[in-house]
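Below is one structure, written out as structure tokens, with a few remarks after it.
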Amino acid sequence: MKNKELKNTIIKILRKHNLSLLHSKICAEAIINAELVGAYGHGLSRLKMYCERIKRKLINPKPKISIKKLSESISHIDANNSIGFVAADLAIKRAIKNAKKTGIGMVAVKNSNHYGLSGYYAEQAVKKNLIAMIYTNAPPAIAPHGARKSLFGTNPICFGTPSGSKVPFILDTSMSVINRGKIRFASKTNTKIPKGVALDKSGKPTINPNKALEGVQLPIAGYRGSGLAWMVDILSGVLTGSSHAGEVKDPFDDFSGPQNVGHLFIVFKNNLFVKNFNSRVRYNFIKIKKLPKVKGVKEIMYPGQNKYARNRVNSKKRIKISNQIRIEMKELLD
Ligand SMILES: NC(=O)c1ccc[n+]([C@@H]2O[C@H](COP(=O)([O-])OP(=O)(O)OC[C@H]3O[C@@H](n4cnc5c(N)ncnc54)[C@H](O)[C@@H]3O)[C@@H](O)[C@H]2O)c1
């Protein structure tokens, strides 16, 4: 199936699940992007889950999203339990608009759902020569430092900035050693996960994705990563009025209510304090890239370069669809 055809199929599936054409297109774009940058755990592998939650009335396919303007810079969105892509699309657009007007745009979103990749939204701001900081919380996956039970989500931290070249700097990283989507993908495709990323429910290290999903994921950098995941929970959960403290529901196996995910988008102009930000950042990158390299490293890359390169290569090819996902898509269309 060609990528355009695949996008139309996703739109068709979502239309069948009562999303408007506009909302279906927004979701399809984001899902295709996840596939193109190689974030398979946030792409097609989630389509069945979104539809299941819509069917069970846990995602609202026809949300009445409200935007409260708190100042020229700050807005608060109540997503009315929309699919996360739609709320996030609205939020980043509003944050960009506010930033263009006042220098800084801050948009908090409550009552939302999983929105995919933070970097996808950061890129939209960076393309307009703006800097973006984006946070979302997620269902329990990581045990806080010193605890035996998961509570924090993989809670990605995202920072995007113009780089002075066409390849944006997008640091977009989960607080777990690997993201939960990758473990779900491994479970779905019957493959192993790397060592050192998760413990089973008895606290033993495991490379079995199913055991990892029942157990806990390990945070990056021990107590430091635990602290950062906590910060994300405060910024996207406590601050926005969404679920927090381990109360965001797992979209795959908790059907007891809506997820109530929170997101925070902070976008600002890069010339607030200096006029020549882009040339300064370029100078910064050049100095770092010229450093002597470790054996085997061809290039010191900045965050985002890898995904940009993958996107370029993958855009020229057909997106690979596993048999399992092909079957799921067929069933969703029936
Ligand atoms: N919505 C959610 O609930 C949720 C939860 C967790 C993760 N996510 C998304 O999952 C995606 C993947 O997260 P991840 O932690 O697996 O990302 P990752 O480990 O693939 O990459 C993390 C960061 O490191 C950079 N990077 C990778 N290789 C590099 C290299 N060689 N040199 C320099 N930089 C390099 C990447 O560009 C990226 O910015 C993110 O887009 C994140 O937003 C979403």
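Taken together, the values in this text are just the output of simple stated rules run on the coordinates, not laboratory data. Computed from a prediction, not measured in an experiment: that's the story for all the values here. Every residue, glycine as well, gets a Cβ built from its backbone with ideal geometry; the counts of neighbours run over all protein chains shown.
About its Cα centre, segment 50-165 has a charge dipole of approximately 380 debye under the convention of +1 per Lys or Arg Cβ and -1 per Asp or Glu Cβ, with nothing else charged. For Gly215, the residues 5 or more places off, or on other chains, whose built amide H falls under 5 Å of its own are Lys201. Listing Tyr115, Tyr302 from fewest to most neighbouring C-beta atoms within 10 Å gives Tyr302, Tyr115.
Centre-to-centre separation between the Cα atoms of segment 87-154 and those of segment 268-334: 18 Å.
Relative to the Cα centre, the charge distribution of the chain, modelled as +1 at Lys and Arg Cβ and -1 at Asp and Glu Cβ, gives a dipole magnitude of about 1300 debye. Counting every C-alpha pair in segment 207-278, the share spaced more than 19 angstrom apart comes to 58%.
Stokes-Einstein diffusion of segment 1-107 at 20 °C, 1.002 mPa s viscosity, Kirkwood radius from Cα pairs, rounded to a whole number: 145 µm²/s.
Annotation: lysines with alpha-carbon distance below 22 angstrom to Lys201 (same-chain offsets under eight excluded): Lys149, Lys182, Lys188, Lys192, Lys211, Lys249. Counting every alpha-carbon pair across segment 104-180, the share separated by more than 21 Å comes to 35%.
Cα centroids of segment 220-238 and segment 1-45: 30 Å apart. Ordering Asp78, Asp334 by the number of other Cβ atoms within 10 Å of each residue's own Cβ, fewest first, gives Asp334, Asp78.
Ordering Gln124, Ile65, Ala95 by the projection of their Cα atoms onto the charge dipole of segment 9-133, which places +1 on the Cβ of Lys and Arg and -1 on the Cβ of Asp and Glu, puts Ile65 at the extreme positive end. According to the calculation over all Cα-Cα pairs in the chain, the P(r) per 10 Å bin from zero is 6, 24, 35, 26, 8, 1 %. Taking the fewest neighbouring Cβ atoms within 10 Å as the starting point, the ordered list for Thr102, Thr191 is Thr191, Thr102.
Between Glu29 and Asn129, full extension at 0.36 nm per residue minus the direct alpha carbon distance yields a gain of 33.8 nm.
Each peptide among 132-139, 55-62 gets the average number of other Cβ atoms lying within 10 Å of its residues, and from highest to lowest they stand as 132-139, 55-62.
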